[in-house]
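Below is one structure, written out as structure tokens; the observations come after it.
The values are calculated or read from the model by the stated rules, or taken from the named source; none is laboratory data. Just so it is clear, the model here is predicted, and its values are computed rather than measured. Here the Cβ positions follow ideal geometry from the backbone for every residue, glycine too, while neighbour counts run over all protein chains shown.
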């Protein structure tokens, strides 16, 4: 059973690679970012709260994110060859709680795919993406938040990390990931 977390800065291609891996390997793909954007579009209570936080470039609170992951895994893992988490965890406290959740579910073979690219490449990609929350100032803020809050996870997961160069054609990056997992 695949037990994967895909990790990396905004714009590195986590969602794209997670979708490809989910399709090729029959995995449940939980994109917390997509889930939150859908809630914002639908104007749900969670969406309204998340929109204010996301528009400022900050992270959604841990308790909301952990609840989403727990519920999603419980409801969607059946019939799949495993899962891939995309966009979670983003902080050490989230990772610590996620470890407890994984132990409760008997997930003992977690692998963390770390996609990597230069800051210039990430800014270029995000500006080309054209989402309303992707202004250069917001992008730089999100990259700063990533460095401060999320990059420390590289050390937290040091014995589970698979580092992958995230630059190049999508198919090339995907083949690198598959070769390493």
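Among the residues of the range 2-26, those that are within 19 Å of residue 159 (Cβ to Cβ) and surrounded by fewer than 21 Cβ atoms within 10 Å (Cβ to Cβ) comprise 2, 3. Put simply, of 24, 48 the only residue that is within 22 Å of residue 116 (Cβ to Cβ) and at pLDDT 80 or above is 24. Residue count for the range 27-79, restricted to those that are free of Cβ contacts under 8 Å to residues at least 60 places away in the same chain, within 20 Å of residue 149 (Cα to Cα), in contact with a helix residue (DSSP H, G or I) (Cβ under 7 Å, 6 or more places away or on another chain) and not in a helix (DSSP H, G or I): 2.
Restricted to the range 106-181, the set of helices (runs of 4 or more DSSP H) holding at least 3 residues that are surrounded by 12 or more Cβ atoms within 10 Å (Cβ to Cβ) and more than 17 Å from the chain's Cα centre (by Cα) comprises 119-129, 136-145, 170-180.
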